[in-house]
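Novice: Following this message is one structure expressed as structure tokens.
The values are calculated or read from the model by the stated rules, or taken from the named source; none is laboratory data. Just so you know, these numbers come straight off a predicted model, no measurement behind them. Cβ: placed from backbone, ideal geometry, glycine included. Neighbour counts: every protein chain shown.
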Amino acid sequence: MSPMLSGRWQIMRILKATKFKQCRDGTVINEIHLDDHVALPLLNYLADFGELRIFENMDPPFYSFTIPGCFTMKGMVTEKSIHVKFKKEVMKQGRELFQVILAQYGEGSDTRMIRAYIQQIQEGHP
Amino acid sequence: MNPGLTYCNNAASTWPKPSEVLDAVQESFQLPYFEAGRSTIEGLEDYPELAREALADLFHFDVPDHIVFTQNATDSLNMLIHGFCAATRDRFHVITSDLEHNSVLRPLTLLASEGKITLSIIHSDKGYITVKGVEDALVPETHLAVLSHGSNVLGTRQDIGGIGEVLYDHGVYFIADGAQTAGLVPIDLNQTPVDAFVFTGHKYLFGLPGIGGFLIKDPSRITPVRQGGTGVDSGNLAHPVDMPAKFESGTHNYPGIVSLWAGSRYISRQGVHNVLQKCQELTSLILHECTGNDHITLDNPEPDLPVISLSLDSLDCEDVGYILLKKYRIIVRTGLHCAPLIHQKMNGGEGTVRISLSSINTPEECKYVSHAIREVADHAHP
Ligand SMILES: Cc1ncc(COP(=O)(O)O)c(C=O)c1O
């Protein structure tokens, strides 16, 4: 593994994922523990791929980030644990995308590849 | 141990439990349980009998043997609804309401889809079912009504006495779902025309999860849907018809029953009127602080029970629940609270944030919760 890649993994690694809630429509909310807290640079990076709502008046700020048709993630800035909601129909792809996005966080992330993957999921043929 | 939580999800399950409940359960483990008819042990406490007497006392009910233990309110409702249906030969009409929990709606929907019943769902008005509404829904084939005593969403309390009178006059069997009121609201079953009253242990009776039951006036109207060992009349292959064995087969949940016994005595000693009054005072503290805030919508500004459903204008209910937990360590419930029809009516099925208190909550906790809700409401603007 290249030093840069291993460095990225150190920045944001999933330590543990547990099922927090299963909704009526099959949607699953996972509680995910990351090895570092979620900070603004990460959220700005995410904003490139979807819709970010950040409530900066709150202390600490609350955010929710959605890539339509793929997943929704929410949490408090400065917290290491987040909730991620995956729809039943794209559970596997949504989880994969989520992991790829985190793993690619850092310099030189392949945003084109990520966008293409998002589009595939949204169009229903990943 | 103080985990630093402010617990406001008592309509789901009360927490913490009074220490005397925990102590009684702990103590009951010291010796084998006395299992009537199933053990040679003697001289120990007969917990099911003690619990039946304590519950009979609490609910002003003369026949302790007509108190049946089940797993929870859902189990009780299923036994009663399916048992009534099994005892009734022809297809009949049932009345229920849009306030009901899925433990009522789902068994009835199943029976309707199987063609065994026809179903009328009465529409509530501001969380209340009226006697007139019930009267209007009656048809000659109506044999059963299943209605809640207290709403777990809006915190309204129904006039089961008035409703019961009309149903009694028309010969309709009335099952009242007291999951949200047992232990919280004074109930005099000797005076209330209800045929079966359902309770659950883990809510306002301060028992453990996994114990519940019902009180039944005329058990002959319900066929037991389960048969098995009862510890009595073992040589007979037909299931006993005597109460309470008719509806209690298999080994009891003894720790749960002990918790119910201790919880009922805890409430009786305080006086259920006082418990309700304290809960109402606590609820008013929060309501008072949240009323008039433009960002907060209260679904029922004047609940009878300690249940407050609300929503904020800029966040969905799940997000509010998340923030309350993460920032303030406040536990609430969010979503539909297993009562889908009333949510459809209130806000198109969006769900709410539900704050529900017990008499163990304190005024300080209520002030903290109000402060938190207001702070989130006032700052939640992206
Ligand atoms: C009105 C009502 N009925 C029935 C139930 C089901 O209770 P249990 O979980 O004990 O089966 C609940 C639980 O929330 C309730 O609020």
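Novice: Please go through segment B:142-153 and pick out each residue that is at pLDDT 95 or above, touching a helix residue (DSSP H, G or I) at 6+ places or on another chain (Cβ under 8 Å) and within 16 Å of the ligand (Cβ to nearest atom).
Specialist: The answer is B:Ala145, B:Val146, B:Leu147, B:Ser148, B:His149, B:Ser151.
Novice: Taking B:Phe84 as the residue in question, decide whether it is away from the ligand (no atom under 16 Å from the Cβ), within 21 Å of B:Ala179 (Cβ to Cβ) and either among the aromatic types (Phe, Trp, Tyr) or within 14 Å of chain A (Cβ to nearest Cβ) (or both).
Specialist: It is true that B:Phe84 is away from the ligand (no atom under 16 Å from the Cβ), within 21 Å of B:Ala179 (Cβ to Cβ) and either among the aromatic types (Phe, Trp, Tyr) or within 14 Å of chain A (Cβ to nearest Cβ) (or both).
Novice: Cβ-Cβ below 8 Å, separation at least six or inter-chain, first residue in segment B:4-15 and within 19 Å of B:Thr74 (Cβ to Cβ) and at pLDDT 95 or above, second within 16 Å of the ligand (Cβ to nearest atom) and among the hydrophobic types (A, V, I, L, M, F, W, C): which pairs?
Specialist: Pairs found: B:Asn9/B:Trp15; B:Asn9/B:Ile331; B:Asn9/B:Val332; B:Asn10/B:Leu357; B:Ala11/B:Leu305; B:Ala11/B:Val307; B:Thr14/B:Phe206.
Novice: Between a first residue in segment B:287-312 that is closer than 19 Å to B:Glu350 by Cβ and a second residue that is acidic (Asp, Glu) and crowded, with 20+ Cβ neighbours inside 10 Å, which pairs have beta carbons less than 8 Å apart while being 6 or more apart in sequence or on different chains?
Specialist: Sorted first by the residue in segment B:287-312, then by its partner, the pairs are B:Ser309/B:Asp299; B:Leu310/B:Asp299; B:Ser311/B:Asp299.
Novice: Still on this structure, please answer the following. I need the full set of residues from segment B:116-131 which are more than 16 Å from the ligand (Cβ to nearest atom) and either crowded, with 16+ Cβ neighbours inside 10 Å or not acidic (Asp, Glu) (or both), in order please.
Specialist: Within segment B:116-131, B:Lys116, B:Ile117, B:Thr118, B:Leu119, B:Ser120, B:His123, B:Lys126, B:Thr130, B:Val131 qualify.
Here is a yes/no grid of residues against (1) more than 14 Å from the chain's Cα centre (by Cα); (2) β-branched (Val, Ile, Thr); (3) within 16 Å of the ligand (Cβ to nearest atom):
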residue	(1), (2), (3)
B:Ser39	yes, no, no
B:Leu44	yes, no, no
B:Pro48	yes, no, no
B:Ala54	yes, no, no
B:Asp57	yes, no, no
B:Val68	yes, yes, yes
B:Ser76	no, no, yes
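Novice: Does segment B:342-362 hold any residues that are within 15 Å of the ligand (Cβ to nearest atom) and in contact with a strand residue (DSSP E or B) (Cβ under 7 Å, 6 or more places away or on another chain), and which are they? Break it down stepwise before answering.
Specialist: Taking segment B:342-362 and keeping what is within 15 Å of the ligand (Cβ to nearest atom), we get B:342-343, B:351-352, B:354-358.
Answer for segment B:342-362, where residues must be within 15 Å of the ligand (Cβ to nearest atom) and in contact with a strand residue (DSSP E or B) (Cβ under 7 Å, 6 or more places away or on another chain): B:Gly351, B:Thr352, B:Arg354, B:Ile355, B:Ser356.
Novice: Taking only segment A:42-72 into account, find how many residues are part of a strand (DSSP E or B) and in contact (Cβ under 8 Å) with a residue 40 or more places away in the chain.
Specialist: Kept after step one, since they are part of a strand (DSSP E or B), are these residues of segment A:42-72: A:51-55, A:62-67, A:71-72.
Next cut, in contact (Cβ under 8 Å) with a residue 40 or more places away in the chain only: A:67.
So the answer is 1.
Novice: If we keep just the residues of segment B:97-115 that are among the hydrophobic types (A, V, I, L, M, F, W, C) and assigned to a helix (DSSP H, G or I), which is nearest to the ligand (Cβ to nearest atom)?
Specialist: So the first thing to find is which residues in segment B:97-115 are among the hydrophobic types (A, V, I, L, M, F, W, C), and the list is B:99, B:104-105, B:108, B:110-112.
When the remaining residues are screened for being assigned to a helix (DSSP H, G or I), the result is B:104-105, B:108, B:110-112.
Details: B:Val104: 7, B:Leu105: 10, B:Leu108: 13, B:Leu110: 16, B:Leu111: 17, B:Ala112: 19 Å.
Looking at the filtered set, the residue picked out is B:Val104.
This table checks each residue for (1) in a helix (DSSP H, G or I); (2) more than 15 Å from B:Lys246 (Cα to Cα); (3) out of contact with any strand residue (DSSP E or B) (no Cβ under 6 Å at 6 or more places or on another chain).
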| site | (1), (2), (3) |
| --- | --- |
| B:Tyr33 | no, yes, yes |
| B:Ser39 | no, yes, yes |
| B:Leu50 | yes, yes, yes |
| B:Glu53 | yes, yes, yes |
| B:Phe61 | no, yes, no |
| B:Met79 | yes, no, yes |
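Novice: Sticking with this one: Need the failing condition index for A:Asn57 against (1) surrounded by fewer than 16 Cβ atoms within 10 Å (Cβ to Cβ); (2) at pLDDT below 90; (3) within 14 Å of chain B (Cβ to nearest Cβ), just the number.
Specialist: Failing condition for A:Asn57: (2).
Novice: Additional query: Could you tell me whether segment B:216-232 includes any residue that is surrounded by 24 or more Cβ atoms within 10 Å (Cβ to Cβ) and at pLDDT 95 or above? Even if it seems obvious, please write down each step before you answer.
Specialist: Start the filter on segment B:216-232 by keeping residues that are surrounded by 24 or more Cβ atoms within 10 Å (Cβ to Cβ), which leaves B:216, B:222.
From what's left, at pLDDT 95 or above: B:216, B:222.
Yes, segment B:216-232 contains a residue that is surrounded by 24 or more Cβ atoms within 10 Å (Cβ to Cβ) and at pLDDT 95 or above.
Novice: Can you report the number of residues in segment B:357-376 which are within 11 Å of another protein chain (Cβ to nearest Cβ) and touching a residue at least 12 places away in the same chain (Cβ under 8 Å)?
Specialist: First pass over segment B:357-376, keeping only residues within 11 Å of another protein chain (Cβ to nearest Cβ): B:375-376.
Then keep just the ones that are touching a residue at least 12 places away in the same chain (Cβ under 8 Å); that gives B:376.
So the count comes out to 1.
Novice: Another question about this same structure. Quick one: which of B:Thr88, B:Thr109 is surrounded by fewer than 16 Cβ atoms within 10 Å (Cβ to Cβ) and hydroxyl-bearing (Ser, Thr, Tyr)? Walk me through how you get there before you give the answer.
Specialist: On the way: B:Thr88 fails: surrounded by fewer than 16 Cβ atoms within 10 Å (Cβ to Cβ).
Matching residue, one of B:Thr88, B:Thr109: B:Thr109.
Novice: Which members of segment A:75-126 meet the condition of being within 14 Å of chain B (Cβ to nearest Cβ) and more than 19 Å from A:Gly26 (Cα to Cα)?
Specialist: Result: A:Gly75, A:Met76, A:Val77, A:Thr78, A:Glu79, A:Lys80, A:Ser81, A:Ile82.
Novice: Go through B:Ala36, B:Ala54 for me and flag whichever is modelled with pLDDT under 95 and within 14 Å of B:Ile257 (Cβ to Cβ).
Specialist: Exactly one residue qualifies, and that residue is B:Ala36.
Novice: Output the number of residues of segment A:73-126 satisfying the condition of being part of a helix (DSSP H, G or I) and crowded, with 17+ Cβ neighbours inside 10 Å.
Specialist: Here the count works out to 12.
Novice: Quick check on my filter: what residues within segment B:75-110 are of a type in the set (Ser, Thr, Tyr) and touching a Lys or Arg at 6+ places or on another chain (Cβ under 9 Å)?
Specialist: Across segment B:75-110, the qualifying residue is only B:Thr88.
Novice: Right, something else. Quick check on this structure: which one of B:Val94, B:Val139, B:Val134 is of a type in the set (Val, Ile, Thr), modelled with pLDDT of 95 or more, assigned to a helix (DSSP H, G or I) and away from the ligand (no atom under 15 Å from the Cβ)?
Specialist: Just one listed residue meets the conditions, B:Val134.
Novice: Need at least 2 residues that are in the same structural domain as B:Thr156 (by TED's automatic domain parsing) and more than 13 Å from the ligand (Cβ to nearest atom) per element, so show me which strands (runs of 3 or more DSSP E) inside segment B:166-247 make the cut, counting only ones lying wholly within it.
Specialist: Hits in segment B:166-247: B:173-177, B:212-216.
Novice: Could we say that B:Gly321 is away from the ligand (no atom under 16 Å from the Cβ) and at pLDDT 90 or above here?
Specialist: yes
Novice: Among the strands (runs of 3 or more DSSP E) confined wholly to segment B:268-356, which include 2 or more residues that are away from chain A (no Cβ under 13 Å)?
Specialist: Qualifying strands (runs of 3 or more DSSP E): B:296-298, B:307-312, B:352-356.
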